[in-house]
Ligand SMILES: [Zn+2]
Ligand SMILES: [Zn+2]
């Protein structure tokens, strides 16, 4: 084999290794119950994570459940891959664009946070009620208990 050919094969091997063996993946875990989001980015070599950045975003609802004494265990956590950058260069399989974060609008902190513990103490069944509504997708019920909590705060 000519030297040039060997060199070319070696180079192609190195390129193939780079694009197939090295990647950067962005993975997302979301909890459908409380809207918790865990975001992690991995630099990987042969599928093994070398550098890992994880970012957790509790939701207002999740924080509220914790403060009511009935924290979410994230039992229905779903896991999916948002992007995969082959060789850190091109993105495909998958390449999922779009907003996925359920942004917190701050209502929890502003309106309810100052008296939520007191509310939970006065309404020992609130946590269980709240969970029942989450489990049955009872949006109206959640809105109702919510306005109840706000009213409770205003009357104190
Ligand atoms: Zn959860
Ligand atoms: Zn992408």
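The values are calculated or read from the model by the stated rules, or taken from the named source; none is laboratory data. Because the structure is a prediction, the values reported are computed rather than measured. As a convention, Cβ positions derive from the backbone with ideal geometry for all residues, glycine included, and neighbour counts pool all protein chains shown.
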*Could you list, in sequence order, all residues of segment 1-35 that are within 30 Å of residue 130 (Cα to Cα) and either modelled with pLDDT of 90 or more or part of a strand (DSSP E or B) (or both)?*
27, 28, 29, 30, 31
*Can you tell me which of 70, 102, 96 is under 30 Å from residue 25 (Cα atoms) and at pLDDT 80 or above?*
96
*closer than 30 Å to residue 142 by Cβ and crowded, with 18+ Cβ neighbours inside 10 Å, is that true of residue 33?*
yes
*Being at pLDDT 80 or above and under 25 Å from the mean Cα position of the chain (by Cα) is the filter here, so list the residues in segment 105-136 that pass it.*
127, 128, 129, 130, 131, 132, 133, 134, 135, 136
*asked:* Taking the conditions exactly as written (under 30 Å from residue 135 (Cα atoms), at pLDDT below 90 and either surrounded by 11 or more Cβ atoms within 10 Å (Cβ to Cβ) or not assigned by TED's automatic domain parsing to the domain that holds residue 91 (or both)), does residue 39 satisfy them or not?
replied: no
*Scan segment 45-75 residue by residue and report those that are buried (at least 19 other Cβ atoms within 10 Å of the Cβ) and within 19 Å of residue 90 (Cα to Cα).*
none
*Pull up segment 4-30, narrow it to residues that are closer than 23 Å to residue 76 by Cα and without any contact (Cβ under 8 Å) to a residue 60 or more places away in the chain, then point me to the one that is surrounded by the fewest Cβ atoms within 10 Å (Cβ to Cβ).*
29
*Those residues of segment 138-156 which are surrounded by fewer than 10 Cβ atoms within 10 Å (Cβ to Cβ) and either closer than 18 Å to residue 62 by Cβ or in contact (Cβ under 8 Å) with a residue 24 or more places away in the chain (or both), in sequence order*: 156
*Scan segment 76-99 for residues that are assigned to a loop (DSSP other than H, G, I, E, B) and away from ligand 2 (no atom under 13 Å from the Cβ) and jot them down.*
76, 77, 87, 99
